[in-house]
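Worksheet for the structure shown next.
Taken together, the values in this text are just the output of simple stated rules run on the coordinates, not laboratory data. Not measured: the values here are computed from a predicted model. Glycine also receives a Cβ, built like all others from the backbone with ideal geometry; neighbour counts cover every protein chain displayed.
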């Protein structure tokens, strides 16, 4: 089980990474815009500061596969964690195949069906990103989609890893992993909420009280 952070905020990433529990980062154009930095500078700093990260996503946006591949090349020299994120479109999957054949890590994003996940896997994707929250928004179960993709990949021994994206609540993290996700990418606020449980708080309160009594 691996946890990626879905953010481009460097300070948030530093704080969460200090726990030793973060395995990578996913970004998108919206997150980069919010950060106020460029994608290149963000990716370069992340690779420098977090050399143990498995994956640092760099999303390409273009109309043709050739343009996507050309965009991707500017990031490849940054470091071994660089992962090129492409959309699940005809051109995106063409770009995925070209990059995958060159040994580049790829993440196919905006996946909303098992059929799309199959095409991504056949294109050589390292990761496939089904969008849990957005599927839920459209009256389907995002966790059920994760399970269906995971079961299909397992049945056919597919190496592509299932990366649950658009995860909005801490309880969804556990449900996605239980459904077979290899990775969950989550906002930092969701990561910190994973620690929270009222029974933990009550237990600590009781232990503290008893400890104080025992050491009087």
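Set the Förster radius R0 to 41 Å, insert the Cβ-Cβ distance between residue 213 and residue 151 as r into 1/(1 + (r/R0)^6), and round the FRET efficiency to 0.05.
0.20
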Alpha carbon centroid spacing (whole Å) that separates the stretch 24-66 from the stretch 112-141
21 Å
Considering the zone a paramagnetic label at residue 90 would reach in this model (a point 7 Å from Cα along the Cα-to-Cβ line), which residues of the stretch 50-71 have amide N under 18 Å from it?
62-69
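What order do you get for 15-24, 184-193 when each peptide is scored by the mean count of other beta carbon atoms within 10 Å, highest first? Write down the numbers at each step before the final one.
Working: 15-24: 15.4, 184-193: 20.1.
Output ranking for 15-24, 184-193: 184-193, 15-24.
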Suppose the chain between residue 18 and residue 66 were pulled fully straight at 0.36 nm per residue; how much longer would it get relative to their current alpha carbon spacing?
13.4 nm
Per-residue ellipticity at 222 nm for the chain, helices alone: DSSP H runs ≥ 4 residues times -39500 (n - 2.57), over residue total, nearest 500 deg cm²/dmol?
-15000 deg cm²/dmol
How far is helix 142-155 tilted, in degrees, relative to the longest principal axis of the Cα atoms in the chain, given as a value from 0 to 90 rounded to the nearest 10?
60 degrees
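Would you mind calculating the relative contact order of the chain from Cα pairs under 8 angstrom and at least 6 residues apart, reporting the percent as a whole number?
Details: 374 pairs, mean separation 36.4, N = 216.
Taking the mean separation of contacting Cα pairs over the length of the chain, I get 17 percent.
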What base-10 log of the normalised intensity I(q)/I(0) is obtained for the chain from the Debye formula, alpha carbons as equal point scatterers, at q = 0.12 Å⁻¹?
-0.63
